[in-house]
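These notes concern the structure reproduced below.
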Amino acid sequence: MMMLRSAYAAVLTEGRIFGLDSQLLFDILFQGIAVFLLFIFIGYLLINPVKKIIADRQAKIQNDIETAEKDRESAAKLKAEYDSKIQNVESEAEEILSAARKKAVRNENNIISEAKEEAARIISGASKEAELEKLKVKDEVRVEIINVASAIAGKIVEGEIDRKKQDELIDATLEEIGDSTWLSK
C-alpha cells in the first residue's frame with residue numbers, strides 16, 4: 001500500500017506515472033529482500049516438511065515394493081515346494097496302489113493254494129473213504145460167499161460133514177478163489 005501512495009504522490013508532483021527515483025529503488029529492494037526472506041521462511045516452515053513427507057512416502061513405497069518382491073519370491077518358493085509335494089503325493093499314491101495290487105495278487109495266490117490244498121485233502125479223504133468202503137464191501141461179499149457156500153455144501157452133504165470139515169472146505173474154496181478175485185471188484 002505504501003507503494004501506491006508513493007506512486008500517487010509522484011504522479012501528483014511530477015506529473016508522471018512512473019518516476020525512477022531513490023525511494024522507488026529502495027522500496028523495490030526492500031520488497032525484494034522481504035519476498036526472499038518470506039520464501040526462505042515459507043520454505044523452512046512448509047517446503048522442508050513437505051519434502052520430508054514426500055521422502056518418507058517414497059521410502060515407505062520403496063519398502064513396500066521390496067516387501068512385495070520378497071513376498072513374491074517367498075510365494076514362488078512355496079509354490080515350487082507345493083508342486084514338488086503334489087508330485088511326491090502322486091508318486092506315493094502310485095506306490096501305495098502298486099503295493100496294494102501286489103498284496104491282492106499274493107492274497108489271491110494264497111487263497112488259490114489253500115483251495116487247492118483243501119481240494120487235495122478232500123480228494124485224499126474221499127480216496128481213503130472209498131478204499132475203506134471197498135474193503136467193507138469186500139468183507140461183506142466174502143461173508144456172503146461163505147454163507148452161500150455153506151448153504152450149498154450143507155444141502156449137498158446134509159449130515160455127513162461136521163463143523164470142522166465145513167471150515168476146511170470153506171478155507172479151501174477161499175484159497176481157490178484167491179485175492180485176485182476180490183481185487184478186481
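Residues in the stretch 56-112 that are β-branched (V, I, T) and either at pLDDT below 90 or within 24 Å of the chain's Cα centre (by Cα) (or both): how many?
4
Yes/no per residue for (1) at pLDDT 85 or above; (2) of a type outside the set (G, A, S):
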{"position": "E117", "(1), (2)": "yes, yes"}
{"position": "G125", "(1), (2)": "yes, no"}
{"position": "E133", "(1), (2)": "yes, yes"}
{"position": "N147", "(1), (2)": "no, yes"}
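The values are calculated or read from the model by the stated rules, or taken from the named source; none is laboratory data. Fair warning: this is a prediction, and the values are worked out from it, not measured in the lab.
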